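To start, the structure itself, in structure tokens.
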Amino acid sequence: MVNSQGLLVNKRIRIIPNIIRRVRRVLQGHGNINVQVGEEVNPPDIIAQYTISGGYRRFNLADMLSCDPYEAIKYLQRQVGQRIYKGEVLAYKPNMLLQGKKLIVSPMDGVIDFYDENTGELSVSFLPKTVELPAAVYGIVEMVDSSRGQIVIRTQVTDIVGILGTGKSRDGILEMIGKRGDLINASSISAKYSERVLAGGSLVYSDGLTSAISLGVRGIIVGGINAKDYKSMTGGVLEIPLKIGRDVGISVIATEGFGSIPMGEDVYEILQGHNGKFVIIDGNRTKVTLPTFDSNSMHRIKTTQLPSLAQEPLVEAVKNVEAVEVEKGQRVRVIAPPFMGEQGIVLAIDQRPTLLLSGINDWLITIETKSRKFKVPHANVEIIG
Amino acid sequence: MPKLSGIFDYFNGVAEIPLENIVQWLKSVPNKIVLENFIANRVLYPQTIPISEYDMEVDMAIVREALKLGTLKSLPSQKVVADTTTKKLYIPIVFFQRIPNLIQLIVFFIDAYLVKRHKESISEDIWTVIIQDVNEGVFKNSQNITIGTVLIPIFDNNQGFITLIVDSKKYQIKQGIVTVIPSKKNHCHIEFQVYEGKMLGVNEGAIEVNGGDVGIIIDARRVKNG
């Protein structure tokens, strides 16, 4: 597109460094909050404790002991309501005529809930677990909401704005699991990534997503996702941005688009620098928040005023794309094939349009990346940074 | 300045068009996941343009099917696409800028807006085609540019044909094809004769129509009750 000033392209803000804003720390169960409004906190400070119930397991004791349901209860080594720990003997049936002994060991720490003498089913609840909630950031406590179990902290962060995403706000430790161009599938994701936020790669396959959900991965930040998989997570339609937030048990953000597109160098480098640290991922807002871990930031946090919490909009209006004139020396990313996802500097802008093989006339710009130079239509780039 | 938009911003539900509808227009059948991602990226980045012939082929197939499904949004200041009162077919200029094959583009609009609609009068066999400059400021002196006229004879069977004399030249066009006769005249005199069919309710006659950069488009595909 050309206007009286020159060639226009979209400029997209992908990284918002070192801004002061609020983050929420949320208790995932009933508990106690240890901090007050106005208190300064550091990342390792425990700001709350809460209890979570892990659910329950059921199994058929009668089948396991090879006896009738009304008989199996005789072999239970704990009574209903008692605790049992992983590895302890749950049930024992001694040697019988034509049958060997049967020993059932508890697979978990729990409490015997009930036994059904009609069906032989035994239910064991996981023992409640007490979890300590760290502040995870440097900052000032701005609000404490005990009824909702939330603590709002003013802090300094770097925000990464993705292209598309889904899933509610979650947090965890960031783990880089691949290079920019890697493909992420089920074999890339192991149980050690439980409760982590994973980053890296050009594409996450559907089996990778499924595996991540079942293993308790909190989020995935990747270059691309297949449109089919995205639609299956967002109710069947392609809606960008999402008008209604969706959540299928994991937060996912694609930083480049649909299909296999290497994660942009700009985003990858920032994430790599944050590897092993606490992050917040909000798929529905396509935003990754990286708190600053510089204790010197506290001065700026203290002296920066934000609009009151009451005035804070429920949904931020992030205007991160606008049309500007493209100029030499600007950093751009390519947003259409070929070279989709590549980033480089504008070396030159053609003075006359070129007739492309597609039959369209457009002004080409020359881009230099770390490894090569090439020309693309100006319509197929965005300015970044 | 507001972000740039593109042709695919003017449709609803582009990414939900059944892939089979698009694949039918492509010379080579692509991997469906790749095609679905390509279409989704066009929705994500609507201002981008195709570089290769194949990418343009895919874009044209998308536009064609999106028009047929009736998903075109109303643009500000845009007239109704097919105005039955004035017998004018308005094509927004954004399509003209994006699909350089103008004749194909007109055929897409004919298929979407003229072929399946219920004909209310015989005068709907003739439509003036106009590129509408909807607030784009591309045309300096006029918001609309007439580029030609579409003639749509109706045949009784697939053996029919139409002969036309345009600018003293004679043409014969068989049933089943779309033909373009160049004529830049504002007022173009045409004598026609339809064999095994009719146009404007008659087998033969003479008319004055608008020419333009495209000229006279004869869409001879229609068969009665077909």
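Data for the structure
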read-out: Whichever residue in region A:110-121 is surrounded by 15 or more Cβ atoms within 10 Å (Cβ to Cβ) and under 36 Å from the mean Cα position of the chain (by Cα) and, among such residues, is farthest from A:Thr51 (Cα to Cα); value: A:Ile112
read-out: Filtered residue count, region B:172-201, keeping only those that are surrounded by 15 or more Cβ atoms within 10 Å (Cβ to Cβ) and outside any strand (DSSP E or B); value: 4
read-out: In region B:104-115, the residues that are surrounded by fewer than 19 Cβ atoms within 10 Å (Cβ to Cβ) and either within 12 Å of chain A (Cβ to nearest Cβ) or of a type in the set (Gly, Ala, Ser) (or both); value: B:Gln104
read-out: Residue selected from region A:227-245 under the condition at pLDDT 75 or above and more than 24 Å from B:Asn31 (Cβ to Cβ), by the criterion nearest to the chain's Cα centre (by Cα); value: A:Gly245
read-out: Criterion: under 30 Å from B:Pro182 (Cα atoms) and in contact with a helix residue (DSSP H, G or I) (Cβ under 8 Å, 6 or more places away or on another chain) - qualifying residue of B:Ile7, B:Ile17; value: B:Ile7
read-out: From the options A:Gly162, A:Gly100, A:Gly139, residue that is out of contact with any Asp or Glu (no Cβ under 8 Å at 6 or more places or on another chain) and crowded, with 17+ Cβ neighbours inside 10 Å; value: A:Gly162
read-out: Residue in region B:65-82 that is of a type outside the set (S, T, N, Q), part of a helix (DSSP H, G or I), surrounded by 14 or more Cβ atoms within 10 Å (Cβ to Cβ) and within 14 Å of another protein chain (Cβ to nearest Cβ) present; value: yes
read-out: Per-region count, region A:184-209, residues surrounded by fewer than 16 Cβ atoms within 10 Å (Cβ to Cβ) and in contact (Cβ under 8 Å) with a residue 12 or more places away in the chain; value: 6
read-out: Positions within region A:1-50 being in a strand (DSSP E or B) and within 14 Å of chain B (Cβ to nearest Cβ), in sequence order; value: A:Val2, A:Leu7, A:Leu8, A:Val9, A:Asn10, A:Lys11, A:Arg12
read-out: Count - residues of region A:85-137 that are polar (S, T, N, Q) and within 29 Å of A:Ile173 (Cα to Cα); value: 2
read-out: Filter result for the condition that a residue is modelled with pLDDT under 90 and either within 7 Å of chain A (Cβ to nearest Cβ) or crowded, with 18+ Cβ neighbours inside 10 Å (or both), over B:Pro30, B:Pro2; value: B:Pro2
read-out: Sole residue being in contact with a helix residue (DSSP H, G or I) (Cβ under 6 Å, 6 or more places away or on another chain), β-branched (Val, Ile, Thr) and within 14 Å of chain B (Cβ to nearest Cβ), chosen from A:Thr255, A:Thr234; value: A:Thr255
read-out: Some residue of region B:161-171 being in contact (Cβ under 8 Å) with a residue 12 or more places away in the chain, part of a loop (DSSP other than H, G, I, E, B) and touching a helix residue (DSSP H, G or I) at 6+ places or on another chain (Cβ under 8 Å); value: no
read-out: Residue within region B:29-48 that is of a type in the set (Val, Ile, Thr), within 22 Å of B:Phe109 (Cβ to Cβ) and within 21 Å of the chain's Cα centre (by Cα) present; value: no
read-out: Failed item, numbered, when B:Val129 is tested on (1) on the phi < 0 side of the Ramachandran plot; (2) modelled with pLDDT of 90 or more; (3) in a loop (DSSP other than H, G, I, E, B); (4) not hydroxyl-bearing (Ser, Thr, Tyr); value: (3)
read-out: All positions within region B:44-56 that are under 18 Å from A:Asn361 (Cβ atoms) and either more than 7 Å from chain A (Cβ to nearest Cβ) or assigned to a loop (DSSP other than H, G, I, E, B) (or both); value: B:Gln47, B:Thr48, B:Ile49, B:Pro50, B:Ile51, B:Ser52
read-out: Among (1) assigned to a helix (DSSP H, G or I); (2) more than 14 Å from every other protein chain (Cβ to nearest Cβ), the one test that A:Ala379 misses; value: (2)
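The values are calculated or read from the model by the stated rules, or taken from the named source; none is laboratory data. For clarity, every value in this text was computed on a predicted model and none was experimentally measured. Note: ideal-geometry Cβ built from the backbone for every residue, glycine included; neighbour counts use all protein chains shown.
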